[in-house]
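K.L.:
The structure that follows is given in the form of structure tokens.
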Amino acid sequence: MAMNQHSAFVMKDQNTSIIEDTYLLAALLTFDPSIKYFPKRDSTGRVSFEVYGKIADQMRRLYDGESAPVSSYISNLKALRSAIFALKSTFKK
């Protein structure tokens, strides 16, 4: 594996995960809008999301190919991207 590659999903413990893939988190939020998350930056400046709660059911639904509203997915993706840009802009000052 190359040095600059990363994992899209890492489980810290049963109730906390780190998700680096914004598209994946947007899809999970589309299935369950009550998922709680917090954006954070690592030492290289990459933004990931610490996700709280069990997300196995939502992951299963995603990988089983369950349909979800595209408008909700787009809204979730925009919100996540906004959180990324807001976090990055706080470190540019």
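Only the coordinates and a few stated rules stand behind these numbers; no lab work does. This one's a predicted model, so the numbers in the text were calculated from it and none came from an experiment. Note that each Cβ is placed from the backbone with ideal geometry, even for glycine, and that neighbours are counted across all protein chains shown.
K.L.:
Please find, in a Gaussian network model of the chain (springs between Cα atoms separated by less than 10 Å), the residue of Ala56, Ala83, Ala27 whose mean-square fluctuation is greatest.
P.N.:
Ala56
K.L.:
Taking Rh as the Kirkwood radius computed over C-alpha pairs, what is the Stokes-Einstein D of the stretch 40-93 at 25 °C in a medium of viscosity 0.890 mPa s, expressed in µm² per second?
P.N.:
This corresponds to a translational diffusion coefficient of 184 µm²/s.
K.L.:
Among the helices of the chain (complete DSSP H runs), which have Cα atoms covering no less than 15 Å along the helix axis and a Kyte-Doolittle mean of at least -0.5?
P.N.:
What comes out of the filter, once short or polar helices are dropped, is 70-90.
K.L.:
Turning to a different aspect of this structure: With springs connecting C-alpha atoms under 10 Å apart, model the chain as a Gaussian network and identify which of Arg61, Arg46, Arg81 has the largest mean-square fluctuation.
P.N.:
In the Gaussian network model the winner is Arg46.
K.L.:
Which value, in debye to the nearest 20, describes the size of the charge dipole of the chain about its Cα centre when Lys and Arg Cβ atoms bear +1, Asp and Glu Cβ atoms bear -1, and nothing else is charged?
P.N.:
540
K.L.:
Regarding the chain, what are the three Cα extents along the principal axes, ordered largest first, in Å?
P.N.:
On the principal axes, the chain reaches 41, 30, 25 Å in Cα extent.
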